[in-house]
Each structure stands twice: as C-alpha cells, then as structure tokens.
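The structure appears below as structure tokens.
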Amino acid sequence: MSNSTVANPGATSGASLSDFVQLLKPITWFPPMWALMCGLVSGGMTPFQAPWLFVAGIVLTGPLVCGASQIINDFHDREVDALNEPNRPIPSGRVSEATALRFALIWSIIAQAWSFMLGPWVAGATAIGLLLAWAYSAPPLRLKQNGWWGNLSVAVSYEGLAWITGAAIVIGGQLPNTSILLIAALYSLGAHGIMTLNDFKAIDGDIAVGIKTLPVQLGPERAAKFACLVMIIPQLGVLWLIADWGHMVAAALVSVLIAGQLLAMLRFLTNPRRLAPWYNGVGVTQYVAGMMVSALAMGGHFG
C-alpha cells in the first residue's frame, strides 16, 4: 500500500473489528489498570469487596482512557507509521483517516461519560487524562516531540491519575486524602524514568523523524543515568513516608525491591541501548511490585 492512502482522509474504510481493536492496543492497558488497582487497595478496598466498582474502574482506565490515547496517537502518527509500520490499520488503508479521527473523538466522549458514574473527582481525573492524551499526540502541543514533557504527561496519566481514580472510586468519587495523593505523585514521577526506558528502542528512528526523546537529547549513557535517578529517588521518598507512617513490614519489602532495582541498574548502565528491554522486565517489575506493597500498607491490608 502506498503512502497516498495516508494522505487521503476520505479514503474508504473497509475496517474490521480487529482493526479497531488493534488501534486500541490492549497490550498498553496494563500500567494504568495496575495503578488503578493500587489506588483501590490504598483506599482500603480489594477487588473482591466491590467487584462492580473494580470492573468499572478497570474498563475506564484501560480500554476507555488508555485505549483512546492509543487511537489518538495512531491517528497523529499515521505518516510516520506509513514509513515504519505500514501494516498498521491507518497507513495500510484498512481504517481511513476520517474514520480513525471519528473513532478517537467518540471513544474519548464515551470514556468521559463513563467516568461520571464513578463520581466528580473520577470525572475530573479522566478529563485531565484525556486532555493529556490529545496534547501528547496532537498539534500544536504534540508533547511526544520532547522527552521531558511527553514522558511526564504519560507518567501522570498512566500512574498518578489512574491511582487517584482508583482511590476516589473507593470513597464515592471524592478527592483522596493527602497521603494517597503524595504516594501517587511520587510513583507517577518515577514513571517518567520508565517512559525514558521505552525510548531506547527507537533512537535512530527518532533522530530521523526529529522526535527529541531523552536518549536523543542527552545520549544513551546520560539518559540511562537520568532515568535511573528519576526512578529511584521518588521510591526513596515513598520508603521514608511509609516508614514514618509506621508501616514497617511494607518499608522492609520496599527496601528489598529498591535494592533489587539498584543491582539491575548497575548492569543496565553497562550497555543501555542493548539492556533497556532487559531492565524493563527485571527492574520495572520490582518498581510496580513496590507500588502494590505500598498501596496494601496504606489501605490497612498489612503493616
């Protein structure tokens, strides 16, 4: 399929259900759904206590809000995808540009409408998340063009807002307490480093199309060191807070997980470009485990 398909927004769409599912990219839904579960348990609830609320929150953060962000991104990246991933639904012509844009708008509206049944602060967090999704991909802001702002917007949406949404659901859609907001903010800040790790896989392509990720701006070695610092420092803040609040078992577990990440970072820093996927599997797994440990302690599920 030539690039002329991409340039013709009125092209006929012969899209199938699988094409629309591909635009939603289900593989990307896990981080916000995990953060939502952390928010739920930090508010004192488990999924088994109110399964319908849990399901409603998972649907909101995963298929709806995260899914909308993926459609928006695919629509605005269609010309780049025509070069790098020509078999994606839009550049291949299976989904026309006009259809993709309508899908992105309708899905965003559905996500916002869904959020209102979970309370005003959930609706507010959803609105911010959707605005960031459009700002990340769409001109004139197109935050993804710069790794500082783009990574921050994704980290806030996928971790902080999702965590706050989960906690707000527990308390009837109201604003969570300060301790929950602090922990959500710290883990959200640390996720900026995780987003930077994802940029190592496409350094050459990003240079070619002018996307200024941190590995492009700083170089792989400096970007790797920065990512490690950004991931570790907020977790040390979390450790200090949960210990100060008397959650000593959780503090011990989080300490072990931080130590494990530090050991993995030592290896990662020896060859960031090659080992970024490895660290994503080893180090980031310990990061998200620490999120749940902290949430369980805050929710009173253990010490």
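Here is how the numbers come out for the structure above:
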{"item": "Matching residues in the range 82-101 - criterion: being under 26 Å from Ala162 (Cβ atoms) and out of contact with any Leu (no Cβ under 8 Å at 6 or more places or on another chain)", "result": "Arg88, Leu101"}
{"item": "Some residue of the range 152-171 being surrounded by fewer than 17 Cβ atoms within 10 Å (Cβ to Cβ) and of a type in the set (A, V, I, L, M)", "result": "yes"}
{"item": "Tabulated pairs, the range 166-182, first on the phi > 0 side of the Ramachandran plot, second outside any helix (DSSP H, G or I), C-beta under 6 angstrom, 6+ apart or interchain", "result": "Gly172/Gly119; Gly173/Leu118; Gly173/Gly119"}
{"item": "Residue ID - surrounded by the most Cβ atoms within 10 Å (Cβ to Cβ), chosen from residues in the range 188-207 that are closer than 17 Å to Arg142 by Cα and hydrophobic (A, V, I, L, M, F, W, C)", "result": "Met195"}
{"item": "Unique match (being closer than 19 Å to Met37 by Cα and in contact with a Pro (Cβ under 7 Å, 6 or more places away or on another chain)) among Gly129, Gly119, Gly173, Gly124", "result": "Gly173"}
{"item": "Count - residues of the range 163-199 that are in contact with a Leu (Cβ under 9 Å, 6 or more places away or on another chain) and closer than 19 Å to Asn73 by Cα", "result": "4"}
{"item": "Tally of residues being in a helix (DSSP H, G or I) and either in contact with a Ser or Thr (Cβ under 6 Å, 6 or more places away or on another chain) or farther than 21 Å from Ala184 by Cα (or both) across the range 103-150", "result": "30"}
{"item": "Condition check for Ser157: over 21 Å from Leu262 (Cα atoms) and within 14 Å of the chain's Cα centre (by Cα)", "result": "yes"}
{"item": "Failed condition for Gln22, given (1) farther than 26 Å from Gln286 by Cβ; (2) at pLDDT below 95; (3) assigned to a helix (DSSP H, G or I); (4) out of contact with any helix residue (DSSP H, G or I) (no Cβ under 7 Å at 6 or more places or on another chain)", "result": "(2)"}
{"item": "Filter result for the condition that a residue is within 17 Å of Gly39 (Cα to Cα) and either among the charged types (D, E, K, R) or outside the structural domain of Val170 (by TED's automatic domain parsing) (or both), over Ala251, Ala243, Ala297", "result": "Ala297"}
{"item": "Residue match in the range 166-180 (condition: within 15 Å of the chain's Cα centre (by Cα) and not in a loop (DSSP other than H, G, I, E, B))", "result": "yes"}
{"item": "Enumeration of residues in the range 198-212 that are charged (D, E, K, R), in contact with a Pro (Cβ under 9 Å, 6 or more places away or on another chain) and in contact (Cβ under 8 Å) with a residue 24 or more places away in the chain", "result": "Asp199, Lys201"}
{"item": "Residue in the range 263-285 that is buried (at least 19 other Cβ atoms within 10 Å of the Cβ), within 26 Å of Pro32 (Cβ to Cβ) and among the polar types (S, T, N, Q) present", "result": "no"}
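Rundown of residues vs (1) assigned by TED's automatic domain parsing to the domain that holds Ala155; (2) out of contact with any Lys or Arg (no Cβ under 6 Å at 6 or more places or on another chain); (3) more than 30 Å from Val209 (Cβ to Cβ); (4) modelled with pLDDT of 95 or more, yes/no style:
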{"position": "Leu83", "(1), (2), (3), (4)": "yes, yes, no, no"}
{"position": "Gly93", "(1), (2), (3), (4)": "yes, yes, no, no"}
{"position": "Arg102", "(1), (2), (3), (4)": "yes, yes, no, yes"}
{"position": "Leu105", "(1), (2), (3), (4)": "yes, yes, no, yes"}
{"position": "Ile110", "(1), (2), (3), (4)": "yes, yes, yes, yes"}
{"position": "Trp114", "(1), (2), (3), (4)": "yes, yes, yes, yes"}
{"position": "Gly119", "(1), (2), (3), (4)": "yes, yes, yes, no"}
{"position": "Leu130", "(1), (2), (3), (4)": "yes, yes, no, yes"}
{"position": "Trp134", "(1), (2), (3), (4)": "yes, yes, no, yes"}
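Table: residues versus (1) buried (at least 16 other Cβ atoms within 10 Å of the Cβ); (2) in a loop (DSSP other than H, G, I, E, B); (3) over 21 Å from the mean Cα position of the chain (by Cα).
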| position | (1), (2), (3) |
| --- | --- |
| Cys38 | yes, no, no |
| Met45 | yes, yes, yes |
| Gln49 | no, yes, yes |
| Ala56 | yes, no, no |
| Leu64 | yes, no, no |
| Gly67 | yes, no, no |
| Asn87 | no, yes, yes |
| Gly93 | yes, yes, yes |
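The values are calculated or read from the model by the stated rules, or taken from the named source; none is laboratory data. Just so it is clear, the model here is predicted, and its values are computed rather than measured. For neighbour counting, all protein chains shown are included, and Cβ atoms are generated from backbone atoms with ideal geometry for every residue, glycine included.
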